[in-house]
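Peer 1: Take a look at the following structure, please.
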Amino acid sequence: MSHSLNEITLAFAGASGAPIGLRLLEQLVLAKIQISLVISPAGHLVIHDETDLNIPGNPQKLAEFFQAHFQASPGQIKVYGKDQWSSPLASGSSAPKTMIVCPCSTGCLSAIALGASDNLLERAADVVIKEQGKLVLVVREMPLSAIHLEHMLKLARLGVCIMPASPGFYFKPQSVQDLVDFTVARILDQVGVAHQLSQRWGE
């Protein structure tokens, strides 16, 4: 894959945690990252249920919505549909080297671990793994069954970063937003994107 570190694929699966994914999207925009965005049908439902946003389903209209909402540069956010197999994300010759699934459902985790590639989200993750890029899965589920843990172990052994959405409390958070920002900060650290969201240990 020839893409630079300034390009990231961000995907929303159908787990709870839409505010984390949206805050992450906002921070990637602020960092001037070129973003390829995929939101699963279940991801759309979760955003609707957990936020006040009424996002359109059409990929082009969704890109325009997020561009206006986050004041992104024209073309900075490109949205692809789940069956858009002509997307650059479907090929190792053109996909970004870095991908984050946030939030990541255990169903999505399972499909990625099995190499199912039944939709563009799963195929994009498969491409990043096979091309030895950076894949971060922000899994949001509790408790975790042996099935979930086995899939996580399999992917971790392939170099995938498994990041459960489990914020720390040592910085004495005062709001839910503080907890969201802590989690997003750790995700950004993993992919090498600078931020000023939270204090680091010892500061």
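Peer 1: Let me test this: with uniform point scatterers at the alpha carbons of the chain, what is the Debye-based log₁₀ I(q)/I(0) at q = 0.09, 0.19 1/Å?
Peer 2: For the chain at q = 0.09, 0.19 Å⁻¹, log10 I(q)/I(0) is -0.30, -1.50.
Peer 1: Treat the count of other C-beta atoms within 10 Å as a stand-in for reagent exposure and order D83, D189, D52, D126 from fewest to most.
Peer 2: Result, fewest neighbours first: D52, D83, D189, D126.
Peer 1: Next question. Per residue and in cubic angstrom, what volume does the convex hull of the Cα atoms of region 106-203 have? Don't skip to the end; give the middle numbers.
Peer 2: On the way: hull volume 12.4 nm³, N = 98.
With only Cα atoms used, region 106-203 gives 126 Å³ per residue.
Peer 1: What are the ³J(HN,Hα) values, in whole Hz, obtained from phi via the Karplus relation 6.51 cos²θ - 1.76 cosθ + 1.60 with θ = phi - 60°, for each residue of region 60-65 in sequence order, with x given for Gly and Pro?
Peer 2: Taking θ as phi minus 60°, the curve returns 5, 5, 5, 4, 5, 4 Hz for region 60-65.
Peer 1: Hey, can you grab everything whose amide H is under 5 Å from the amide H of I39? Only 5+ residues off in sequence or another chain; H modelled, so Pro and N-termini drop out.
Peer 2: Under 5 Å from the amide H of I39: F12, Y80.
Peer 1: While we're on this one: As a test of the formula, what do you get for the chain when each DSSP H run with n ≥ 4 contributes -39,500 (n - 2.57) and the sum is divided by the residue count, at 222 nm and rounded to the nearest 500 deg cm²/dmol?
Peer 2: Here the helix-only value at 222 nm equals -12500 deg cm²/dmol.
Peer 1: For the chain, what's the relative contact order in percent, using C-alpha pairs closer than 8 Å and at least 6 residues apart?
Peer 2: Once normalised by length, the contact order is 23 percent.
Peer 1: I would also like to ask the following. Near the amide H of K134, under 5 Å away, which other amide H atoms are found, from residues 5 or more places off or on another chain, if H is placed in the peptide plane?
Peer 2: T98, M99
Peer 1: Step through the residues of region 41-55 one at a time and calculate ³J(HN,Hα) from phi using the Karplus curve (6.51 cos²θ - 1.76 cosθ + 1.60, θ = phi - 60°), rounding each to whole Hz and writing x for Gly and Pro.
Peer 2: Ordered by residue, 3J(HN,Hα) equals x, 5, x, 4, 5, 5, 4, 5, 6, 9, 9, 8, 7, 10, 7 Hz.
Peer 1: On alpha carbon coordinates alone, what is the Rg over Rh value for region 67-123, Rh being the Kirkwood radius?
Peer 2: 1.01
Peer 1: What length, rounded to one decimal in nm, is gained on full extension from W85 through to L53, with 0.36 nm per residue of separation minus their alpha-carbon distance?
Peer 2: Extending this stretch completely gives an extra 8.8 nm.
Peer 1: Grab every C-alpha pair in region 1-106, bin the distances at 5 angstrom width from 0 up to the longest one, and report whole percents.
Peer 2: 2, 13, 24, 27, 21, 10, 2, 0
Peer 1: Quote the FRET efficiency, to the nearest 0.05, computed for K172 versus S16 with a Förster distance R0 of 22 Å and r equal to the Cβ-Cβ distance.
Peer 2: 0.35
Peer 1: Oh, and also: Which far-off residues, 5 or more places away or on another chain, put their amide H under 5 Å from the one on N6, with H placed in the peptide plane?
Peer 2: Excluding prolines and chain starts, which carry no amide H, there are no hits.
Peer 1: Let me ask something additional. Sort L137, L30 so the one with the fewest other Cβ atoms within 10 Å of its own Cβ comes first.
Peer 2: L30, L137
Throughout, read-outs are computed from the coordinates displayed, never taken from laboratory work. Note that the structure is a prediction, hence the values are computed from the model and not measured. We place every Cβ from the backbone using ideal geometry, glycine too, and count neighbours over all the protein chains shown.
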